[in-house]
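Quick notes on the structure that follows.
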Amino acid sequence: MAQAHFIRIVLIALLAIAAGCATPPPLEPTPLGQDELDNFLASGRDARTYGITIYRDPAGARFEFANRVHPHRGAQMDIVSPSPLTLPIIRARTGRFIDCQVLLDTSARHSWLLLPAAEAMDYRVFAPPIGEYPDHVLSDLPGYAGIANKLVFDTLHMESPIFYVLPARGGFGPLARHNEQPGHTPKTDKVREKLSRRTHVIFGAAPMQTFSFVRFDFPGRTVRFSTDATYRTEDAGTVLTRLPLKSWRGRPAVEGQLDDTPLLLLIDTAGEFDLSLPSTTPAGTTLALGDLVMDEFRPSFHEEHGLPAAFPARLGLGLLARHILVIDYKQRQVWFETPLRKTGVSAITTTDATTAPVHYRGITP
């Protein structure tokens, strides 16, 4: 009976999402009680049932044969976050043809999904449970890994995507990170909060690596994905710099210099700041990324944004959104470009609630 009651709750939430969220969910997550959490985990199946092999790396679980994309495909999606916000949120579809808003967050190691949207994604939790706390933000709630049917970007299908699901009702809370930037007007904060309530998926770095490249055209407000094409810019004069693609615990990063200090910079496409630094790194006034030099920005520190102290410097939207950013996984490069001088020509050649303590089982420290 308890499990049937839990399923009814999820279905009611799903209908609310499909209807456009007439009653918006609360912004902060409300943890499930112990019985509801146990029922949720009891529905799990071994990952091998779905053809997924799980390995344990120092950074956490790694899922082989998941996040599969079809060859020779590409998709270009509009950024739907309203101006003046620059968050790369796009509108994708589930395998059940239900629209969902997706935040593209390169600082998140894996993808995250709201519990009320799990049924729309045909999400199934793994057993035994694989749980961990998000490491790219500070959160009191863990998530549990599982598999969904598919995630569709226009005509580009990703099969067997892996999601971590918060065992909670409501929104993503600190995972969404839409309330960090100081100095915004009350109107902007209201727009950001409304956007956060309607965003059901956070798409992380692990599934992003399955593409040959992801092109964030922030000035043009589009994002383009390709599954196997080699990235080529149409106009070499638009390229500001091209840097080797580095990796930090599975996330894309580049090397730069802050004043005269060498610095590893994690690319954070969900960070609403210019440059966030560890407390041990002195703030500088000039940031050099290869041939691209920037001196008009506000350096800040991780603790100002509620971010983990162990992370390296994070390059946020305040600087990224000034350019076209291409994370080129195939050629292992990161491109920074200006908006195209030519019009009507693509820059890309493609082939394509209880207060009682809850015991979270299966959690990796």
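The values are calculated or read from the model by the stated rules, or taken from the named source; none is laboratory data. Quantities reported herein were computed from a predicted structural model and do not represent experimental measurements. A quick note on method: Cβ atoms are made from the backbone with ideal geometry, for glycine too, and the neighbour counts reach across all protein chains shown.
Could you tell me whether region 212-228 includes any residue that is over 24 Å from Val80 (Cβ atoms) and of a type outside the set (Gly, Ala, Ser)? Within region 212-228, one or more residues are over 24 Å from Val80 (Cβ atoms) and of a type outside the set (Gly, Ala, Ser).
In summary, Pro26 fulfils each of the numbered conditions (1) outside any helix (DSSP H, G or I); (2) modelled with pLDDT of 95 or more with the single exception of condition (2). Looking across region 255-275, the residues that are farther than 25 Å from Pro174 by Cα and at pLDDT 95 or above come down to Glu255, Gly256, Gln257, Leu258, Asp259, Pro262, Leu263.
Conditions tested, residue by residue: (1) surrounded by 17 or more Cβ atoms within 10 Å (Cβ to Cβ); (2) in contact with a helix residue (DSSP H, G or I) (Cβ under 9 Å, 6 or more places away or on another chain); (3) outside the structural domain of Leu87 (by TED's automatic domain parsing).
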site	(1), (2), (3)
His157	yes, no, no
Thr188	no, no, no
Leu195	yes, no, no
Val201	yes, yes, no
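When Pro252, Pro278 are screened for being under 29 Å from Thr155 (Cα atoms) and modelled with pLDDT of 95 or more, only Pro252 passes. Residue-level analysis places Arg298 outside the set of residues that are of a type in the set (Lys, Arg), in the same structural domain as Gln333 (by TED's automatic domain parsing) and out of contact with any strand residue (DSSP E or B) (no Cβ under 8 Å at 6 or more places or on another chain).
Rundown of residues vs (1) basic (Lys, Arg); (2) at positive phi, yes/no style:
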| position | (1), (2) |
| --- | --- |
| Arg56 | yes, no |
| Ala61 | no, no |
| His72 | no, yes |
| Thr86 | no, no |
| Arg96 | yes, no |
| Leu103 | no, no |
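All conditions but one from (1) at pLDDT below 85; (2) within 21 Å of Gly131 (Cα to Cα); (3) crowded, with 17+ Cβ neighbours inside 10 Å; (4) not small (Gly, Ala, Ser) apply to Asp57; the one that does not is (3). Could you list, in sequence order, the residues of region 282-291 that are surrounded by fewer than 17 Cβ atoms within 10 Å (Cβ to Cβ) and within 15 Å of Glu255 (Cβ to Cβ)? Hits for region 282-291 are Gly290, Asp291. Highlighted here are the strands (runs of 3 or more DSSP E) found entirely within region 185-273 that include at least 2 residues which are over 13 Å from the mean Cα position of the chain (by Cα): 213-217, 222-226, 239-244, 246-248, 251-258, 261-267. Set side by side, the residues Thr269, Thr233, Thr261 differ, and just one is of a type in the set (S, T, N, Q), closer than 30 Å to Val69 by Cα and surrounded by fewer than 22 Cβ atoms within 10 Å (Cβ to Cβ), which is Thr233. Selection of strands (runs of 3 or more DSSP E) fully inside region 98-178 by the criterion of at least 1 residues being among the hydroxyl-bearing types (Ser, Thr, Tyr) returns 111-113, 143-147, 162-165. Taking (1) part of a strand (DSSP E or B); (2) out of contact with any Ser or Thr (no Cβ under 6 Å at 6 or more places or on another chain) in turn, Ser276 satisfies each apart from (2).
Across region 71-86, which residue is surrounded by the fewest Cβ atoms within 10 Å (Cβ to Cβ) among those that are part of a loop (DSSP other than H, G, I, E, B) and of a type in the set (A, V, I, L, M)? Only one residue fits best here, namely Val80. Pairing each residue of region 273-299 that is basic (Lys, Arg) with any residue that is assigned to a loop (DSSP other than H, G, I, E, B), provided the two are 6+ apart or on different chains, yields C-beta distances under 6 Å for Arg298/Asp274. Taken as a whole, the condition of being part of a helix (DSSP H, G or I), of a type in the set (A, V, I, L, M) and within 23 Å of the chain's Cα centre (by Cα) applies to Leu319.
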